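A.B. asks: Have a look at the structure that comes next, please.
The values are calculated or read from the model by the stated rules, or taken from the named source; none is laboratory data. On a predicted model such as this, the values are computed, not experimentally measured, just so you know. Ideal geometry is used to build each Cβ from the backbone, glycine not excepted, and the neighbour counts take in all protein chains shown. Areas reflect the complete protein model, heavy atoms only, side chains present, ligands, DNA and RNA absent. Shrake-Rupley method; radii C 1.70, N 1.55, O 1.52, S 1.80 Å.
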Amino acid sequence: MAPILLNCMGNDHEYIKQQVQVKNPYLDTMEEDILYHFSLSTKTHNLPEMFGDIKFVCVGGSANRMKAFAQFIHQELKLPGNPEEIRDICEGTDRYCMYKVGPVLSISHGMGVPSISIMLHELIKLLHHAQCRDVVLFRLGTSGGVGLAPGTVVITDKAVDYSFRPQFEQVVLGKVITRSTELDEGVANELLQCSSELQNFPSVIGNTMCTHDFYEGQGRLDGALCSFSQEEKLEYLRKAYEAGVRNIEMESTVFAAMCRVCGLKAAVICVTLLNRFEGDQITSPHDVLVEYQQRPQVLVSHFIKKRLGHIV
């Protein structure tokens with residue numbers, strides 16, 4: 001797999017024209033591919049007809065948030081019909097939700113690497129079976145800031161692991177496969193430019209650290225277990241900051257790695273809910289948190305409208 005990883009980011013012109021790739025020769029031998037967690041199949045659904053025009057895929061942890069985003073982008077693109085009546089394509093399962101709004105797909109992925117990994121396998125196969133081209137993926141989420149004020153939007157430069165390395169380790173048949181987590185620089189810069197045009201909230205480009213859990217893995221002192229001191233926590237956060245880390249979440253490394261291997265341009269855009277140097281618990285009022293969570297949606301909506309020519 002490593003050579004694929006190193007070579008998939010070739011000439012930009014060729015790269016953007018490529019059909020979505022899957023790196024599994026066995027798929028070609030299957031009479032039917034059941035996307036079990038989406039309640040979709042290549043036999044029971046005409047995937048090219050349903051999804052062939054998709055150009056933007058936006059994924060986020062919360063089902064409610066991704067439904068709200070679908071309704072929001074419906075209004076922003078001024079599409080016909082009532083946004084309140086958009087249908088969950090994955091209503092046959094309770095694992096994920098999926099909404100199609102014109103050329104935009106909005107999908108929930110749950111919390112953590114295992115949940116988003118399952119979703120990404122089936123999403124990438126879906127885009128491949130639907131013969132989609134020139135697709136950009138976005139992960140929209142929330143995070144803990146590292147030296148940033150609450151409400152700051154972080155556009156990820158590199159997704160890094162607990163040791164601040166830009167890589168994702170996947171165990172396959174008892175062996176560790178390491179994949180790069182570098183994201184598309186052009187898309188990140190385009191998003192930052194969109195933010196400067198909006199001037200609604202602070203945005204920065206920085207590294208995002210992905211951890212295995214919300215508490216111990218992120219150095220929180222308020223979990224059911226804690227084996228370290230306040231001083232050790234702050235020293236770790238200082239090292240993270242010095243390594244370019246500006247926020248912490250739980251999905252970015254596998255998202256970046258899988259998109260890169262499969263030839264998909266991708267970006268991670270997360271808002272900070274607190275500055276981890278100042279505490280561990282999220283204490284902002286509910287209405288403030290709701291507005292914070294809308295900021296990545298507003299930014300990506302602006303990006304999409306520019307790409308579609310709705311904004312000159």
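A.B. asks: Could you state the principal axis extents of the C-alpha atoms in the chain, from the largest down, to the nearest angstrom?
C.D. replies: Each principal axis gives a Cα extent; for the chain these are 57, 47, 39 Å.
A.B. asks: Next up: Counting only pairs 8 or more places apart or on different chains, how many lysine pairs in segment 140-311 have C-alpha atoms closer than 26 Å? Numbers along the way, then the final one.
C.D. replies: Values: Lys158/Lys175; Lys158/Lys233; Lys158/Lys239; Lys158/Lys265; Lys158/Lys305; Lys158/Lys306; Lys265/Lys305; Lys265/Lys306.
Going through segment 140-311 pair by pair, I get 8.
A.B. asks: Counting only protein heavy atoms and using a 1.4 Å probe, what share of the accessible area of the chain belongs to carbon plus sulfur, as a whole percent?
C.D. replies: Numbers: 7380 of 14680 Å².
Using a 1.4 Å probe with all protein chains present, the chain comes out at 50 percent carbon and sulfur.
A.B. asks: For the chain, modelled as a GNM with alpha-carbon contacts under 10 angstrom, which of Ser203, Ser106, Ser41 fluctuates the most?
C.D. replies: Highest fluctuation of the listed residues: Ser41.
A.B. asks: Over segment 89-156, what portion of Cα pair distances is larger than 18 Å, expressed as a whole percent?
C.D. replies: Values: 1131 of 2278 pairs.
Percent of Cα pairs beyond 18 Å in segment 89-156: 50.
A.B. asks: So what is Rg over Rh here for segment 21-134, counting just Cα atoms and using Kirkwood for Rh? Please list the in-between numbers first.
C.D. replies: Details: Rg = 13.9 Å, Rh = 14.5 Å.
Rg divided by Rh gives 0.96.
A.B. asks: Where the centroid of each part is defined by its Cα atoms, how far is segment 56-106 from segment 167-205 in Å?
C.D. replies: After rounding, the separation between the Cα centres reads 23 Å.
A.B. asks: Name the lysines eligible as straight-distance cross-link partners of Lys43: C-alpha to C-alpha under 23 Å, and not fewer than 8 places from it in the same chain.
C.D. replies: Those lysines meeting the cut-off are Lys23, Lys100, Lys125.
A.B. asks: Based on the alpha-carbon gyration tensor of segment 140-311 and its eigenvalue square roots a ≥ b ≥ c, which shape applies: rounded if a/c is under 1.5, prolate if not and a/b is larger than b/c, or oblate?
C.D. replies: Oblate, because a/c is 1.5 or more while a/b does not exceed b/c.
A.B. asks: If you average 1/r over all unlike Cα pairs in segment 108-241 and invert the result, what Kirkwood radius do you get in angstrom?
C.D. replies: Numbers: mean 1/r = 0.0580 Å⁻¹.
17.2 Å is the Kirkwood radius here.
A.B. asks: By the scheme Lys and Arg +1, Asp and Glu -1, what is the net charge of all other residues having a beta-carbon under 9 Å from that of Lys55?
C.D. replies: Values: positive: Arg133, Arg307; negative: Asp53, Asp134.
Within the 9 Å Cβ shell, the charges total 0.
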